[in-house]
Amino acid sequence: MARVRLIKIRAQERGLYFRDREFVGVLRPGRHILVDPLWKVRVDVVSVRQVFLQHADLEVIARSGALGAEAQVVDLKQHERALVWVDGRFAGICKPGLNVLWTVFHEVKVEVMDARAVRFEHEALSMILAQPGVASCLEAVTVDEGRIGLLYVDGRLWDTLRPGAYAFWRDAGKVRVGHIDLREQVADVAGQEIMTADKVTLRLNAVVTFRVVDPVAAASQVDDHVQALYRQAQLALREVIGTRELDSLLADREGVAAQLVGLVRERVQALGLRVDGVGIRDIILPGEMKDLLNRVTEARKAAEAALITRREETAAMRSQLNTARILESNPTLMRLKELEVLEKVAEKAKLEVVLSESGLADRIMKLL
């Protein structure tokens, strides 16, 4: 006796019709009567509201042509990826392989892209990167303001990246982005023990101000451009300080710094660096040398003080001599000077003064 089956397919559904495990076709919405005497008919009912069709026999179904205009078949090669937009919203990224997308209930748009370009560029990049799940296909990189990015693909310099957000296809090559700071930077050259030309060992701390002007050279010429600058500054310090005596070094810091700037600038120019300044921050002397310099300074200051004192005494004596000569040549002025003296004495003692024709000084009597 023949076995008859009644299958009902709703508007949002489709039936995948198999007979004896062979795909036959698609059952559209409605009622379907199937004769199955040998129990070899199978109908898999799927929802077309789900954009992506998932089925174990997806390849057979897609290549049969039975889906017609109700679905879009996207078959991606190894180097291809596809962006899927559903109703104007980003839905995800399709990896290499076969994909079937229902277009019955939704407006579906597919953009096929070549991942061999390595860098992923799209006008909606920020929105795409914000969606969950895209990290499995795209690697996001941000280059901050004041820096520049160097893009390496499989160990080879590929491109330079200005500040902004970027994305790169995964599995399209070994991608690495190096960040180079273009802002003014400061490198401390600390604790350098150097011997001066007069055999004084001192410790010196310096600071170097620089910028990266050629990022490619800075990244390719040396492994670490800051460390390379540090080494060159060390060598320049030893070269300059070793040719100067301690007194010259202490008295002419600015001259030493100017000499260092020219020397370091010349040595790091090939590394893509521009040195803007070199400053000597601290000069640290041994303890015994500090005591010796302090004694020298004290002696120098004492000698200067004694010289000033002698100069003042000499000037005072010269002034007194000139005053005596003036008084000797002018008797009236001499009398006035005597009155000034008497006035000062009178402030502290009781005086009676008798004046006569013989002169004031000859008739002074002091009564206690």
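Based on what the data block shows, is residue 274 of a type outside the set (S, T, N, Q), part of a strand (DSSP E or B), within 30 Å of residue 163 (Cβ to Cβ) and within 29 Å of the chain's Cα centre (by Cα)? Yes.
Scanning the stretch 100-146 for residues that are within 30 Å of residue 11 (Cβ to Cβ) and hydrophobic (A, V, I, L, M, F, W, C) returns 100, 101, 102, 104, 105, 108, 110.
Quick check, is residue 92 surrounded by fewer than 16 Cβ atoms within 10 Å (Cβ to Cβ) and either on the phi > 0 side of the Ramachandran plot or touching a residue at least 12 places away in the same chain (Cβ under 8 Å) (or both)? Taking the combined requirement at face value, the residue does not satisfy it.
Please find, among 241, 280, the residue that is under 24 Å from the mean Cα position of the chain (by Cα) and under 20 Å from residue 198 (Cβ atoms).
Details: 241 fails: under 24 Å from the mean Cα position of the chain (by Cα).
Being under 24 Å from the mean Cα position of the chain (by Cα) and under 20 Å from residue 198 (Cβ atoms) holds for just one of 241, 280, which is 280.
Screening the stretch 198-235 for residues that are under 20 Å from residue 253 (Cβ atoms), of a type in the set (S, T, N, Q) and outside any helix (DSSP H, G or I) and picking the one that is modelled with the highest pLDDT gives 209. Of all residues in the stretch 258-277, count the ones that are surrounded by fewer than 16 Cβ atoms within 10 Å (Cβ to Cβ) and of a type outside the set (D, E, K, R). Total meeting the criteria: 4.
Residue 144 satisfies every condition listed in (1) exposed (fewer than 13 other Cβ atoms within 10 Å of the Cβ); (2) closer than 19 Å to residue 221 by Cα; (3) among the charged types (D, E, K, R) except (2). Here the condition is being farther than 30 Å from residue 166 by Cα, surrounded by 14 or more Cβ atoms within 10 Å (Cβ to Cβ) and of a type in the set (Lys, Arg); of 238, 253, it holds for 238 alone.
The values are calculated or read from the model by the stated rules, or taken from the named source; none is laboratory data. Keep in mind the model is a prediction, meaning the values are calculated, not measured. Note that each Cβ is placed from the backbone with ideal geometry, even for glycine, and that neighbours are counted across all protein chains shown.
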